[in-house]
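The values are calculated or read from the model by the stated rules, or taken from the named source; none is laboratory data. What you are looking at is a predicted structure, and each value in this text was computed from that prediction instead of being measured. As a convention, Cβ positions derive from the backbone with ideal geometry for all residues, glycine included, and neighbour counts pool all protein chains shown.
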Amino acid sequence: MDLLNSIILLTNFIVVPAITYGSQLALGAIGVTLIYGVLRFANFAYGDLMAFATMIVILFTWYLQSIGISLGVLPTALIALPIGIIATILISIFFDKAVFKYYREKKSDPVILIVVSLGVMFILNAIVRIIIGPGDVTFMDGSRFILKANEFKNLTGLNEGLAIKSTQLITFITTIITCSLLFYFLNKTKTGKSMRAYSNNEDLALLSGIDPGKIILLTWILVSILATIAGTLYGLDKSFKPLAYWNNLLPIFAATIVGGIGNPLGAFYGGFVIAFTEIGLTYAYKKFFIYLLPEQLEPNSLVQYISTDYKFAISFAILIVVLIYRPNGIFKGKVI
Amino acid sequence: MFFSAKKLTGGYGGANIIEDCYFEVERGEIVSILGPNGAGKSTAMKAMLGILNNSTGDVFLEGKNINKMKPQDRIKSGISFVPQTNNIFTELTVRENLEMGAFLIEGDINDRLNEMFDLFPIIKEKSDQFAGELSGGQRQQVALARALMTDPKVLMLDEPTAGVSPVVMDEIFQHILNIKGKNIAVLMVEQNARQALDISDRGYILVTGRNAYEGSGEYLLNDNEIKRSFLGG
């Protein structure tokens, strides 16, 4: 019984949240890695692109709610996703044509493009805060819980409850569907293969007749779809706040680099590596040990390795360790 | 002449690397461009392909002047090129490499794939492996097969045997002879002059960016002066 309780405890407080958070990071990291693979620079504006996309989704969700349209138990924001995706594609293409294209044609250093992306980041961030304000916005509707802690206790007779929020399940399922479609596209379709070919060897792709303009356009489209989905899922799960997306840049970049930058499958796993480490290290294990250890060995402290205040330091530490010991990531990626 | 270039002049922005060069190749013929390091062999090939920014001169394919064509359109009209380095997609499987070679072909490419598998049996065996995992000789075969997927009329090779062992070199030259048998015009730049001339119908020797000698493979191999200067005695 104690063993079961301890397992449920960890599932409730580590596994379920980490899978949710990991899914959000994975989607973000795949976006960053695609931009790096094809356009060859680290796009710091990505966090704020997610914020912009989510803002559009929220505005349209409010409109739908005001005219009385809803999805029942599912959040209305899911209907608003396509609108958010279209708006994000348009703004991505706008910034590519207005800003990134110039530096690409000049064959600027990747470092210059990073700084340029910082500029785009500030602009996007300002747009979002001017339109929707800097504060917290909740746009979640539909049913909140799939499984409530009390229901679970009554059902199983255990001391520990297992709660699964509907947003957690939606996040995980949407991520799996999105990633499956993406990997199918990249590995099985001619266009997807040509995108990988371009990312691998630009000159030879040109010699094979692959049009770089189309590949770049396609990349922005894919990245915008991923940013909208990742941003909306994160907003549904944790409430929307423009700065939160900027804060997520560090774990997203850490996930990208852990997985091997330029490698989408690596970025997917990288997201979960970061999420499990972050949540696993900041959880207080006291109750867990009380269940498992005999009374005289029970811990007095919280048995929390790192305070949650320092959770970003974990991403940073992983980033540094990976860059020192495996600069091309756990999975094979490009060396940066 | 099936494929020819005249009065090719050009370089990378500074002084001209090649001046007034000319080359000709018929279908079913192997023609080598030889010469010492820095003679402009690869530059000449890039000029013919249209990927050299600063070049003038005329390039003809089947009597048609293709000067104004972009490199992409030259590929579409039947010219294929294998660069000396980075000539495969290392992160793609062998089969995907071939599929990318056939990127411009609309519709079914299975016939082309099977023809390549016949021509390069090792590729069939390794078709699901990543091309980056293959040995040097196998990579070169993938590179050749990728270039042949479009069913080209002209195949240009930039040092196909650079950095491979003598045994592999013979193997690659044998493959090039087989390609010639498909009625393709093969134009190649080579460092291994003697071995290249052995399989070539004709050859051009460039010296400091200009045509210096030309003739049949046999003639170039047996001329005493050429032997002394370019073939190492």
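I'm checking my understanding of the structure. Among residues of region B:39-86 that are polar (S, T, N, Q), part of a helix (DSSP H, G or I) and under 16 Å from the mean Cα position of the chain (by Cα), which one is nearest to the other protein chains (Cβ to nearest Cβ)?
Across region B:39-86, the extreme among qualifying residues is B:S42.
Within the group A:K97, A:K106, which residue is farther than 21 Å from A:V223 by Cα and surrounded by fewer than 13 Cβ atoms within 10 Å (Cβ to Cβ)?
Every option except A:K106 fails the conditions.
All but one of (1) farther than 23 Å from A:F100 by Cα; (2) within 14 Å of chain B (Cβ to nearest Cβ) hold for A:G262, so report the exception by its number.
(1)
Picking from B:L157, B:L144, which residue would you name as being in a strand (DSSP E or B) and of a type outside the set (S, T, N, Q)?
Just one listed residue meets the conditions, B:L157.
Could you list all residues from region A:256-266 that are within 18 Å of A:I114 (Cβ to Cβ), in a helix (DSSP H, G or I) and among the aliphatic types (A, V, I, L, M)?
The answer is A:I257, and nothing else.
Output the number of the condition that B:M116 fails; it satisfies all remaining conditions of (1) outside any loop (DSSP other than H, G, I, E, B); (2) within 8 Å of chain A (Cβ to nearest Cβ); (3) buried (at least 22 other Cβ atoms within 10 Å of the Cβ).
(2)
Take the conditions assigned by TED's automatic domain parsing to the domain that holds B:G136, under 16 Å from B:I172 (Cα atoms), under 20 Å from the mean Cα position of the chain (by Cα) and not basic (K, R) and apply them to B:L119. Does it pass?
So B:L119 fits the description; yes.
Assess whether A:T174 counts as being away from chain B (no Cβ under 14 Å), surrounded by fewer than 17 Cβ atoms within 10 Å (Cβ to Cβ), of a type in the set (V, I, T) and farther than 30 Å from A:N5 by Cβ.
no
In region A:223-240, what residues are buried (at least 23 other Cβ atoms within 10 Å of the Cβ) and either within 14 Å of another protein chain (Cβ to nearest Cβ) or of a type outside the set (S, T, N, Q) (or both)?
A:V223, A:I225, A:L226, A:A227, A:I229, A:A230, A:G231, A:L233, A:Y234, A:G235, A:L236, A:F240
Out of region B:164-183, which residues are closer than 25 Å to B:T150 by Cα and either part of a loop (DSSP other than H, G, I, E, B) or touching a His at 6+ places or on another chain (Cβ under 6 Å) (or both)?
Once the filter is applied, which keeps residues that are closer than 25 Å to B:T150 by Cα and either part of a loop (DSSP other than H, G, I, E, B) or touching a His at 6+ places or on another chain (Cβ under 6 Å) (or both), region B:164-183 yields B:G181, B:K182, B:N183.
Out of (1) over 14 Å from A:I30 (Cα atoms); (2) away from chain B (no Cβ under 14 Å); (3) touching a Gly at 6+ places or on another chain (Cβ under 7 Å), the odd one out for A:P134 is which?
Condition not satisfied by A:P134: (3).
Which ones in region A:308-325 are among the aromatic types (F, W, Y) and in contact (Cβ under 8 Å) with a residue 12 or more places away in the chain?
Result: A:Y310, A:F312, A:F316.
Give me a count of the residues in region B:98-113 that are assigned to a helix (DSSP H, G or I), within 9 Å of chain A (Cβ to nearest Cβ) and either over 27 Å from B:A44 (Cβ atoms) or among the acidic types (D, E) (or both).
Count: 1.
I'm checking my understanding of the structure. Among residues of region B:89-143 that are more than 23 Å from B:D73 (Cα to Cα) and touching a Gly at 6+ places or on another chain (Cβ under 7 Å), which one is modelled with the highest pLDDT?
So the residue we want is B:T90.
Within region A:200-216, can one find any residue that is touching a residue at least 24 places away in the same chain (Cβ under 8 Å), part of a helix (DSSP H, G or I) and within 14 Å of chain B (Cβ to nearest Cβ)?
Within region A:200-216, one or more residues are touching a residue at least 24 places away in the same chain (Cβ under 8 Å), part of a helix (DSSP H, G or I) and within 14 Å of chain B (Cβ to nearest Cβ).
Across region A:187-199, which residue is farthest from B:L144 (Cα to Cα) among those that are buried (at least 21 other Cβ atoms within 10 Å of the Cβ) and either more than 9 Å from chain B (Cβ to nearest Cβ) or touching an Asp or Glu at 6+ places or on another chain (Cβ under 6 Å) (or both)?
A:M195
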